[in-house]
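The values are calculated or read from the model by the stated rules, or taken from the named source; none is laboratory data. Given the structure is predicted, the values throughout are model-derived calculations rather than measurements. Cβ atoms come from the backbone with ideal geometry, glycine included; neighbour counts cover every protein chain shown. Accessible surface is based on the protein model in full, side chains and every heavy atom, while ligands, DNA and RNA are left aside. Shrake-Rupley method; radii C 1.70, N 1.55, O 1.52, S 1.80 Å.
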Amino acid sequence: MRLNQNTLLLGKKVVLVPYTSEHVPRYHEWMQSEELQRLTASEPLTLEQEYAMQRSWREDADKCTFIVLDAEKWQAQPVPTEESCMAGDVNLFLTNLEDPTLGEIEVMIAEPSCRGRGFGTEAALLMMSYGVAKLGLTKFEAKIGQGNEPSIRMFQKLHFKQVAVSSIFQEVTLRLTVSEAERQWLQAQTNHMEEKPYRDGSTEPH
């Protein structure tokens, strides 16, 4: 999605930046993990395919992707590369043609040292806030493998409720409708977020 290609979202624990070609090698490395392939229901790709995927995701109007960086590492001196700060990614898929206000959210904290530290929770909150404010979303869905208890618990803490279980796909669907009360709650959870221009966006080929 081109809308977010020059947007950086700064939180306390994580920084969300657009997915650029700079991030592809590390992302590709992560996705060689059988555990992550299983948790994300993904097939392994070649590095070239991963670069092609990154380019297509940047162009697709129905996908909004941010790379999740470890904020503490990212703010260190001397300034590190973004690739060395990468923790995972967060996505919004706007693929329901009948309801453009529904976004399917996916969060992956791929870097083992970054798990269990609240990175996924903050990344999801920042993405939901962005989705409500910039994409006009009023409903979120998360589809999670039945065995992925930490992810299910995380979304339940974010007020998502289970609405369906598919034994065929072995996944649970959770949903959140953003009522006025939920909007205020989300605002309170993300009032520390700063939106800044992503300077490095200019290095991407157009």
Within straight-line cross-link reach of K161, lysines at Cα separation under 19 Å, skipping those fewer than 8 residues along the same chain: K139, K143
Lysines whose Cα lies under 20 Å from that of K196, excluding same-chain neighbours fewer than 8 positions away: K12, K13, K73, K134
Placed amide H near M31: partners under 5 Å, 5+ positions off or other chain: none
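Over all distinct alpha-carbon pairs, what is the Kirkwood Rh of segment 111-182 in angstrom?
On the way: mean 1/r = 0.0762 Å⁻¹.
Taking every pair of different Cα atoms in segment 111-182, averaging 1/r and inverting gives 13.1 Å.
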Dipole moment magnitude, nearest 20 debye, segment 39-157 about Cα centre, only Lys, Arg, Asp, Glu C-beta charged: 420 debye
Amide H contacts of K63 (H built 1.01 Å from N, under 5 Å, at least 5 apart or other chain): L94
Selected from M53, S42, T95, residue furthest toward positive end of dipole (the chain; charges at beta carbon): T95
Per residue, in Å², the accessible surface of the chain once ligands and nucleic acids are set aside, probe 1.4 Å: 52 Å²
Rounded to the nearest 20 debye, dipole of the chain from Cβ charges on Lys, Arg, Asp, Glu: 660 debye
FRET efficiency, R115 to A61 (Cβ-Cβ, R0 30 Å, nearest 0.05): 0.45
